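Some notes on the structure that comes next.
Quick note: the coordinates plus some simple rules give every number you see, no bench work behind them. Quick caveat, the model's predicted, so the values are computed rather than measured.
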Amino acid sequence: MIAARSGTTAYATLLLLGVAACAIFATRSAAADPALDAQFRHMLLEDFRSRGVATIDRLDQDEVQKLCTDTRDRPSGATAQTLLKRQEERIRWPDDGRFMGDWRAGEKLAQEGRGMTWADRPGGPTGGSCYGCHRISPSEISFGTIGPSLLHLGRDRGSTPQMQRYVYGHIYNAKAYNLCSYMPRFGTSGALTQQQIRDLVALLLDPGSSVNTRNQPDRPKPP
Ligand code: HEC
C-alpha cells in the first residue's frame, strides 16, 4: 500500500505516529472478541519496548481510539458527537488568523519522515511524512494510498479562508472532522508546530504551489 521511497526516511514517521497507529489498526479486528483483544495486547507488550522518545505508552488508546475500536469505526449517537466536539476543542487556531505559510517549506515537510522515533533526539526536527499516505505534488511519483489524493486540492476546492481553516484544522487534528480517521493528529500530538502546519496548508492550497500549478505534468516525463 505504501510505495518505497528512495533515500528519505518516510517510514520513520509512520513508525513514530506509527506504533500507536499499529495498535489501532490491529486492535480493530480483535475488538469483537475480548479474549483475542487481551491476547493481542499481551503480544504487543512483549514485542515493543520503550526506547528513547518512543515510549510504550504509545500503545495506550485514548477515548476516541477506544470508541472506534469498539464500534469498528462506526461510532454513532451522542457519545460520538461529544467526542467529536472535544476533538475540535483541542485545535489551537493561529492567534493572528493566518493559515497559509511557505509552500516550499511545506513540500519539504511533506517529504520528511524523521522525528519522534527511538533513534531521534527529543525535541529534534520532525516531518509530516504526508507522502506515506497521500498523493500530493505531481513530481513525487512514490506515495501511499491510505489517504485520498491531495493533488490539485486548492485548484479543485478553492483557497478561501474557510477552506484554509478546514485544511489547517484537519492537519492539526483530523479526528475533529472524522472521528475514526487514520490520519495522525499532527498538532494535537505536538509532532508539528503552528508554522509547519501553515506551510503544509500553503502547499495544498496556494494557487502557485506545485500541487496547484496548471502547467505541472501529472507525471514526470520519461528520460
Ligand atoms: C497514516 C496515514 C496518513 C498520514 C501520514 C497523513 N494523512 Fe492526511 N488523511 C489520511 C486519511 C485516511 C484521510 C481521510 C480521512 C480523514 O478525513 O481524515 C486524510 C485526510 C486528509 C485531508 C482532508 C482531505 C479532504 O479531501 O478533505 C487533508 C487536508 C490531509 N489528510 C492532509 C495531510 C497532510 C498535510 C499530511 C502530512 C502532515 C497528512 N495528511 C498525513 C491519512 C493520512
Per-residue HN-Hα couplings for the range 174-181 [Karplus 6.51, -1.76, 1.60; θ = phi - 60°; Hz; x = Gly/Pro]: 4, 6, 7, 10, 9, 3, 9, 4
Stretchable slack from residue 142 to residue 104, in nm (0.36 nm times residue separation minus alpha-carbon distance): 11.8 nm
Long-range HN-HN contacts of residue 54 with modeled amide H, under 5 Å: 118
